[in-house]
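Undergrad: Structure incoming, see below.
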Amino acid sequence: MTNATETQTQTSTQLPAVATGVAQPLTDSSPSTSLNNDRSSREMSKAEQKADPSSSSPTAPKPQREMTKAERRELQEKQRAEKAALKGQPVTISIPSNQQPSATASAAGPSTENNASGSAAKTKQQKEMTKAERRELQERQRAAKAAAKTQPGPSGAAQSQTAAPRNVPPSPSPAVQQHPRSGAGGTHRKLEAARPDGLGGADARGLRIFSHFGTPKPPPTTKGDIHPAIVRLGLQFAEFKITGANARCIATLMAFKTVIQDYVTPPNNTLSRHLMTHLSPQISHLVAARPMSVTMGNAIRQLKLEISGSDIDLPEQDAKNALCQKIDNYVRERIIFADQVIQETAGSKIKDGDVILTYARSSVVEKVLLRAWEDGKQFSVIVADSRPMLEGKKLLRVLSKVGIPCTYLLLPAIGSVITEASMVIVGAHAIHANGAVFSRAGTALVAMMAKQHSVPVMVCCETYKFAESVQLDSFIKNELAPAGDIFDAFPRSRGQEKLQTTGGPNLALLNPLYDLTPASRITAVVTEVGVIPPSSISSIPLALGRTTI
């Protein structure tokens, strides 16, 4: 009993010592002291490894359970970087310092040691780089390779670039423009390095926001079964030898007539079904040369409707002749006869002594002015024009040839003569369902100035140019005109080489071909069905008894 009491007493006296041992200083002999020492030693080893990362072996990382999530991610990134850096390099054998080298390794000599030291230096460099720096290094290397391929030179120079040390990052090529952002800059540098002229990114940066515009393209390559008439027409479209909505539409329909006449229906097929498939690559070739106009789209849609409704019992040649006849009827009724009606209607609005202001060149406006002059009316014309196409010169040449008094000026000077004009007559590339006029760039400025000075604006447009879509501005859909040289006709006060505007590294030429004039700036639209306000454009198909334009 006494022994049990003594044992209980000793136990009760030891418990307070253990409980209060946390707050009291412990001796070296206690278990908690050894635990704290082990913990402090691990923390010191971690600090040493962080201070000297080269001392820690990359092949023996610390256990995964002791690492945080960020440290594990960093370790994985380092391992991926090492694998990417060592990919494509010769395999080197690293011998630990505590082992003797084998006979094969010793026979290799100093070259093996140099390779090993270079690989270790590169590995260490890759480990010390952040993810963004590694990505930027890779982009510079790719850009330098692309620039070396595009720049012609002797083979020795290429070999000397290839023989450069691998552990030294290559210097960026002069053709590569540095970008402060590593993410978007990589793609930008690749695009600039791929430029064959090596001029850099001013052009690319300036036109990137307008990349959805239809840019002038080189002549398209022939892919598939393309008719020679379509190939020839595509070249004329790409070189802007055929311009104007009416001219392009008529040329397209005439080329399709040739395609239809040369078409032969394959066995076990019908013309109404297989001809649609045959025309699809022809249309794609024309679109590749230059974006399709609204007039071409409406005409092609009507042609497909006629093909699908052709009688399958007709002989092939009769069916082709019927389709060609319908194409001729479309051109005659929707374009030629429509222009004649517009000439009479718009010509009746011109009085003696009027001053007509027009912009650029429209084939319909040209016919209206010539018809009014033939009717004996005395008036004068102010032709406003703008670069780069200067289409007003063609109109000026035609009008002055028949004796019409004309005044020629450029668009910036329109404010000086707008008060002298009694009427503004312009053409249109298309008219949208909301009444907005899509026409040559600069028409909106002329209409705005006329509206400000209470000058009526009359638009001459055929009904087949009406579009069922709604467009609010000219940025949604547009086309770029050929650049050319804007100083081509400038006085030669300086040398021609000093007036050149192409080839500069910090120069971007932008020539939108069309702009959008709001319906509020237009007084009336003259069509073959009469003079209507712009707000009534959407009711034209119903008035004509059609379901479509």
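Undergrad: Where the second residue is in a helix (DSSP H, G or I) and among the acidic types (Asp, Glu) and the first is under 21 Å from TYR514 (Cβ atoms) and lies in region 339-364, which pairs have Cβ atoms under 8 Å and are six or more apart or on separate chains?
TA: These pairs meet every condition: SER363/ASP339; VAL364/ASP339.
Listed here are the residues, each with its yes/no results for (1) in the same structural domain as THR358 (by the TED database); (2) surrounded by fewer than 16 Cβ atoms within 10 Å (Cβ to Cβ); (3) closer than 11 Å to ARG361 by Cα; (4) not aliphatic (A, V, I, L, M).
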{"position": "GLU374", "(1), (2), (3), (4)": "yes, yes, no, yes"}
{"position": "GLU391", "(1), (2), (3), (4)": "yes, no, yes, yes"}
{"position": "ILE404", "(1), (2), (3), (4)": "yes, no, no, no"}
{"position": "GLU420", "(1), (2), (3), (4)": "yes, yes, no, yes"}
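Undergrad: Being polar (S, T, N, Q), under 14 Å from CYS460 (Cα atoms) and part of a helix (DSSP H, G or I) is the requirement here; does GLN325 meet it?
TA: Numbers: polar (S, T, N, Q): yes; under 14 Å from CYS460 (Cα atoms): no; part of a helix (DSSP H, G or I): yes.
In short, no.
Undergrad: If the requirement is being open to solvent by less than 70 Å² (accessible area, probe 1.4 Å) and either modelled with pLDDT under 90 or touching a Cys at 6+ places or on another chain (Cβ under 7 Å) (or both), which of these qualifies: ALA489, ALA441? Please lay out each step first, then the result.
TA: On the way: ALA441 fails: either modelled with pLDDT under 90 or touching a Cys at 6+ places or on another chain (Cβ under 7 Å) (or both).
Going through ALA489, ALA441 in turn, just one is open to solvent by less than 70 Å² (accessible area, probe 1.4 Å) and either modelled with pLDDT under 90 or touching a Cys at 6+ places or on another chain (Cβ under 7 Å) (or both): ALA489.
Undergrad: Does region 381-388 contain at least one residue that is of a type in the set (Ser, Thr, Tyr) and open to solvent by 20 Å² or more (accessible area, probe 1.4 Å)? Spell out the reasoning first.
TA: Of all residues in region 381-388, those of a type in the set (Ser, Thr, Tyr) come to 386.
Next, only the ones that are open to solvent by 20 Å² or more (accessible area, probe 1.4 Å) stay: 386.
Checking region 381-388: at least one residue is of a type in the set (Ser, Thr, Tyr) and open to solvent by 20 Å² or more (accessible area, probe 1.4 Å).
Undergrad: Quick one: which residue in GLN236, GLN317 is farther than 16 Å from TYR464 by Cβ and buried (at least 16 other Cβ atoms within 10 Å of the Cβ)?
TA: That would be GLN236, the only listed residue that is farther than 16 Å from TYR464 by Cβ and buried (at least 16 other Cβ atoms within 10 Å of the Cβ).
Undergrad: While we're on this one: Could you pull out every one of the helices (runs of 4 or more DSSP H) wholly within region 184-272 that has 3 or more residues that are at pLDDT 90 or above?
TA: 228-238, 245-261
Undergrad: Give me the pairs: first residue in region 383-403 and touching a residue at least 40 places away in the same chain (Cβ under 8 Å), second residue of a type in the set (Val, Ile, Thr) and surrounded by 14 or more Cβ atoms within 10 Å (Cβ to Cβ), beta-carbon distance under 7 Å, and six or more apart or on different chains, which are they?
TA: Note: pairs meeting the criteria are ALA384/ILE414; ALA384/VAL446; ARG387/ILE486; PRO388/ILE486.
Undergrad: If ILE342 passes every condition in (1) within 27 Å of LYS241 (Cα to Cα); (2) assigned by the TED database to the domain that holds CYS461; (3) open to solvent by less than 30 Å² (accessible area, probe 1.4 Å); (4) of a type in the set (A, V, I, L, M) but one, which one does it miss?
TA: (2)
Undergrad: Being in contact with a His (Cβ under 8 Å, 6 or more places away or on another chain), assigned by the TED database to the domain that holds SER380 and surrounded by fewer than 17 Cβ atoms within 10 Å (Cβ to Cβ) is the requirement here; does SER416 meet it? Spell out the reasoning first.
TA: Working: in contact with a His (Cβ under 8 Å, 6 or more places away or on another chain): no; assigned by the TED database to the domain that holds SER380: yes; surrounded by fewer than 17 Cβ atoms within 10 Å (Cβ to Cβ): yes.
Considered against the rule, which asks whether it is in contact with a His (Cβ under 8 Å, 6 or more places away or on another chain), assigned by the TED database to the domain that holds SER380 and surrounded by fewer than 17 Cβ atoms within 10 Å (Cβ to Cβ), SER416 comes out as no.
The values are calculated or read from the model by the stated rules, or taken from the named source; none is laboratory data. What you are looking at is a predicted structure, and each value in this text was computed from that prediction instead of being measured. Cβ: placed from backbone, ideal geometry, glycine included. Neighbour counts: every protein chain shown. These accessible areas exclude ligands, DNA and RNA; they are computed on the full protein's heavy atoms, side chains included. Shrake-Rupley method; radii C 1.70, N 1.55, O 1.52, S 1.80 Å.
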